[in-house]
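A.B. asks: So that we are looking at the same thing, I have put the structure below in structure tokens.
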Amino acid sequence: MFRTQKYHAIQVDAEKCIGCIHCMKICPTEAIRVRNGLAEITGERCVDCGNCMRVCPTEAFYLLQDDLSLLGRYKYRVALFPSVLIGQFPEGVSDDQVYGALLKIGFTHLYEVEQPIQWMVEAYRDHHAAQSSQGPMISAFCPAIVRLIQIRYPSLIDRVMLINAPHDLAAHYALENLKAQGIDPEETGVFYIAPCSAKIAAVKNPLGEKESIVDGIINMNEIFNKVMAIVTADPGIATGEFRENLTREGILWCLPRGEARLFKRKSMAVDGVANVVKMLERMEMGEVPEVEFLELRACDQGCAGGIMVSGNRFLNVERLNRRSRKYPQAADHNPEGPSKKKVLQSLILHPIEPAYVFQLDKERGKAMEKLARINRLVHFLPAVDCGTCGTPGCRALAEDIVRGKASLQDCIFLQERSNRDDGSDLPALGKLERIWGSNRFNKSKREDTHEGF
Amino acid sequence: MVIEQQYFVKGGDFSRAGIASSETRKLLKQLGISPEKIRNIVIALYEAEMNIVAHAREGTIRISITRDSILMLLEDQGPGIPDIEQAMKEGFSTASSKVREMGFGAGMGLNNMKRNTDLLEITSTVGTGTTVRMINYF
């Protein structure tokens, strides 16, 4: 049984959440509601893009992750981390210093995940050569995007290229390497230093895979702080052996056009979840870009803008660009090895089933009745999408009412209107009218404006 | 039970074109229609909508969704189509160069509609307008 159920890494801290509506308004799948003064995430809709975390004024969101103390359980402790970890450090901090600090923290083996990237490139090329359908393949690199397509754009799920992301490449590569050295997998703990919520969810509970390959997830922010504290006083040691297979393309993989560059002009790269949504909307309408490969990333500037990546995303990109020039090109560095075939095989994902989370009812007749009711209800709602009812907008409230999760009385505009109908002309209504216009408080039908689902 | 929607389309307004197909797509998703069926419906409707934008002065789109089917009725006030049979041929286009520059008018429109719908009827009066009726069964 392959996992298809929803799991999400983003959690709400009830102590910190002030129940404002920033997160609810920005969520690309309308997964958040405010209830009892707290943000509530609907698991089946959450794609772990991290938009809510970015806009939260009180840092009330946290991620499910593991503690560094977990390292103590294993004799061999493997750290897997994306190149953006290195991109955060200021000029003058060398690769050796960062790697040295990671060893000091307690890891015994270090694998920057984008290696050997040439194997990944081969997997992409093989897949591309084997595919028969017309139009672009969509990269499965960004797990938030894969989940977004799965629930919001199910007709495009067939376009998703069923190849794993570099963290799987590195995990399998590392395990095979250690096995070759005679190290017992039972004594080995594999830890992934995650740049974002989506990667955490993907590693903890992967779509299209049997089970997760890692033993623990470590927050990149925590590692960054610990490494920073060490490198300021430590010149570092020679750690080049860990980067034998690191190449220019590998370092740049997680940045915009990192994958797309493989397909040269027959490719397109879009970053930022709002931009990706616009692109996918068009594609569902049949306006498919004439390219062979689409790289879609939820974060602006790719993983350099990851929710757990510190510092300025543009500076991170610049530093990684500069760093990459010190490394050989992937084409000149394609290590062969006994494990290659096995690793390549493990990169292939099983087909991902679409999830119809926006369906109103499993039974068509009932769904139609509900839809008709929503269409009637929205005409009574004020179309200001103020969010005071705890849903992202008026149409979302109508949907929630029909799903039995809210009521018309949740709308403060309707409350004021019914007060007026009762004959109690409150001074507050006059004030509200001055802001929103008197039409908002009339029963007359008006055009609905909110998009909704 | 029938769910009805109506949209007004203004000729030449390419920037806003696609509203009817986009909205319809969302409704069909909520009804749990299969992605393949939605894809066909939306492509056909989008093409038809674009035809109004590209050729007509204005038009109305009426959508009626029942348990088993969707009826799309598009009526426009525009130049009309003198020879519908010829217009159905792939590559035939009367779109202006301006429209073509925007990436439309490749002459695939009517064909694309036909491919993606179960029933297509076009009636047209030159100088008055065109009516397109499409039905897709779920």
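The values are calculated or read from the model by the stated rules, or taken from the named source; none is laboratory data. What you are looking at is a predicted structure, and each value in this text was computed from that prediction instead of being measured. Cβ coordinates were reconstructed from backbone atoms using ideal geometry, including for glycine residues, and neighbour counts include every protein chain displayed. The protein model used for the area step is the full one, side chains on, heavy atoms only, and it has no ligands, DNA or RNA in it. Shrake-Rupley method; radii C 1.70, N 1.55, O 1.52, S 1.80 Å.
A.B. asks: Rounded to the nearest 0.05, what FRET efficiency do A:R325 and A:R434 give with R0 = 41 Å and r taken as the Cβ-Cβ distance? Could you check?
C.D. replies: On the way: r = 61 Å, r/R0 = 1.48.
E(calc), rounded to 0.05, equals 0.10.
A.B. asks: Provide Rg and Dmax in Å for region A:82-234, with only Cα atoms included in the calculation.
C.D. replies: 17.5, 56
A.B. asks: Continuing with this model, one more query. Treating only the Cβ atoms of Lys and Arg (+1) and Asp and Glu (-1) as charged, compute the dipole magnitude of region A:3-114 about its Cα centre; round to the nearest 20 debye.
C.D. replies: In debye, rounded to 20, region A:3-114 gives about 440.
A.B. asks: To continue, here is another question. As I understand it, the dipole of the protein assembly as shown uses +1 on the Cβ of Lys and Arg and -1 on the Cβ of Asp and Glu, about the Cα centre. Which of A:A180, A:C46, A:I200 lies farthest toward its positive end?
C.D. replies: The residue sitting most towards the positive pole is A:C46.
A.B. asks: Suppose R0 equals 35 Å; then what is the FRET efficiency for A:R420 and A:N36 from their Cβ-Cβ distance, rounded to the nearest 0.05? Could you put the intermediate results ahead of the total?
C.D. replies: On the way: r = 29 Å, r/R0 = 0.82.
Taking R0 as 35 Å, the efficiency between A:R420 and A:N36 is 0.75.
A.B. asks: Which value, in Å² and to the nearest 10, is the accessible area of A:C196 when all protein chains are kept and the probe is 1.4 Å?
C.D. replies: Probe radius 1.4 Å; accessible area of A:C196 about 20 Å².
A.B. asks: Round to the nearest 0.05 the FRET efficiency obtained for A:E15 and A:K362 when R0 = 51 Å and r is the Cβ-Cβ distance. Before the final figure, lay out the partial values.
C.D. replies: Working: r = 38 Å, r/R0 = 0.74.
That pair, A:E15 with A:K362, gives E of 0.85.
A.B. asks: Let me ask something additional. Using the basic label-point model (7 angstrom from Cα toward the beta carbon), what is the A:D67 to A:T232 distance in nanometres?
C.D. replies: It works out to 2.6 nm between the two label points.
A.B. asks: Ignoring ligands, DNA and RNA, how do A:S197, B:S15, A:S133 rank by accessible area with a 1.4 Å probe, largest first? Don't skip to the answer; put the middle values down first.
C.D. replies: Values: A:S197 0, B:S15 110, A:S133 70 Å².
Heavy-atom accessible area, descending, gives B:S15, A:S133, A:S197.
A.B. asks: If you roll a 1.4 angstrom probe over the protein chains with everything in place, what fraction of the accessible area of chain A belongs to carbon and sulfur, to the nearest %?
C.D. replies: 50 percent
A.B. asks: Which of the three applies to region A:310-392, rounded, prolate or oblate, going by the alpha-carbon gyration tensor with a ≥ b ≥ c and a/c under 1.5 meaning rounded?
C.D. replies: Oblate, because a/c is 1.5 or more while a/b does not exceed b/c.
A.B. asks: Please get the size of the charge dipole for chain A, origin at its Cα centre, with Cβ charges of +1 on Lys and Arg and -1 on Asp and Glu, quoted in debye to the nearest 20.
C.D. replies: 860 debye
A.B. asks: So for the pair B:E36, A:V55, with labels modelled 7 Å out along Cα→Cβ, what separation do we get in nm?
C.D. replies: 3.8 nm
A.B. asks: So, for chain B, what is the accessible surface per residue at a probe of 1.4 Å, expressed in square angstrom?
C.D. replies: Accessible area per residue: 49 Å².
A.B. asks: So, one more: So with the 1.4 Å probe, I'd like the accessible area per residue for chain A, rounded to whole Å².
C.D. replies: Here the per-residue accessible area is 43 Å².
A.B. asks: Chains B and A: buried accessible surface, both sides, probe 1.4 Å, rounded to 100 Å²? Could the numbers behind the result be given before it?
C.D. replies: Numbers: alone 7920 and 20860 Å², together 26350 Å².
The summed interface area works out to 2400 Å².
A.B. asks: Rounded to a whole number of µm²/s, how large is the Stokes-Einstein D of chain A at 37 °C and 0.692 mPa s, given Rh as the Kirkwood radius over C-alpha pairs?
C.D. replies: 137 µm²/s
A.B. asks: Here is a follow-up. If ligands, DNA and RNA are left out, what is the accessible area of A:Y7 with a 1.4 Å probe, given in Å² to the nearest 10?
C.D. replies: Surface accessible to solvent at A:Y7 totals approximately 50 Å².
A.B. asks: Follow-up question, since we're still on this one. If you count only protein heavy atoms and use a 1.4 Å probe, how large is the accessible surface of A:C46, to the nearest 10 Å²?
C.D. replies: Surface open to solvent at A:C46 totals about 10 Å².
A.B. asks: Compute the Cα gyration tensor for chain B, then decide on rounded, prolate or oblate, letting a ≥ b ≥ c be the square roots of its eigenvalues: rounded whenever a/c is under 1.5, prolate when a/b is larger than b/c in the other cases, and oblate in all that remain.
C.D. replies: In terms of gyration-tensor shape, prolate.
A.B. asks: Using only Cα atoms, locate the centre of region A:364-404 and the centre of region A:247-314, then give the distance between them in Å, rounded to an integer.
C.D. replies: Cα centroid of region A:364-404 versus Cα centroid of region A:247-314: 34 Å apart.
A.B. asks: Lys/Arg Cβ at +1, Asp/Glu Cβ at -1, dipole of chain A taken about the Cα centre: which of A:P136, A:P289, A:N321 is farthest positive-ward?
C.D. replies: Value: A:P289.
A.B. asks: Select from region A:120-160 all residues whose loss of accessible area on going from the chain by itself to the full protein assembly reaches 40 Å² or more (probe 1.4 Å).
C.D. replies: A:S155
A.B. asks: Now, a different point. Suppose each label sits 7 Å from its Cα in the direction of the beta carbon; what would the A:L162-A:L315 distance come out to in nanometres?
C.D. replies: 4.4 nm
A.B. asks: Sticking with this structure for a sec: If I take every Cα pair under 8 Å that is 6 or more residues apart in chain A, average their sequence separation and divide by the length, what percent do I get for the relative contact order?
C.D. replies: Working: 771 pairs, mean separation 89.3, N = 453.
Over chain A, the number comes to 20 percent.
A.B. asks: If you don't mind, there's one more thing I want to ask. Whole angstrom only: what separates the Cα centroid of region A:139-179 from the Cα centroid of region A:331-362?
C.D. replies: Region A:139-179 and region A:331-362 have Cα centres separated by 5 Å.
A.B. asks: So, one more: What is the magnitude of the charge dipole of region B:1-103 about its Cα centre, with +1 placed on the Cβ of each Lys and Arg, -1 on the Cβ of each Asp and Glu, and no other charges, expressed in debye to the nearest 20?
C.D. replies: 380 debye
A.B. asks: Oh, and also: Tell me, what % of the accessible area of chain B is carbon and sulfur with a 1.4 angstrom probe?
C.D. replies: On the way: 3230 of 6700 Å².
C and S fraction of accessible area: 48 percent.
A.B. asks: Is it possible to state the helix-based mean residue ellipticity at 222 nm for chain B, with each DSSP H run of 4+ residues giving -39500 (n - 2.57), the sum divided by total residues, to the nearest 500 deg cm²/dmol? What is it?
C.D. replies: Numbers: 5 runs with 51 residues, N = 138.
That comes out to -11000 deg cm²/dmol.
A.B. asks: Along the charge dipole of region A:258-388, which of A:L377, A:L262, A:H333 sits closest to the positive end, that is, farthest toward it, with unit charges on the beta carbon of Lys, Arg, Asp and Glu (+1, +1, -1, -1)?
C.D. replies: It is A:H333.
A.B. asks: Further, regarding this structure: Which parts of region B:4-39, residue by residue, lose 30 Å² or more of accessible area when the rest of the protein chains are there, as against the chain isolated (1.4 Å probe)?
C.D. replies: B:R25, B:K26, B:L27, B:K29, B:Q30, B:L31, B:G32, B:P35, B:R39
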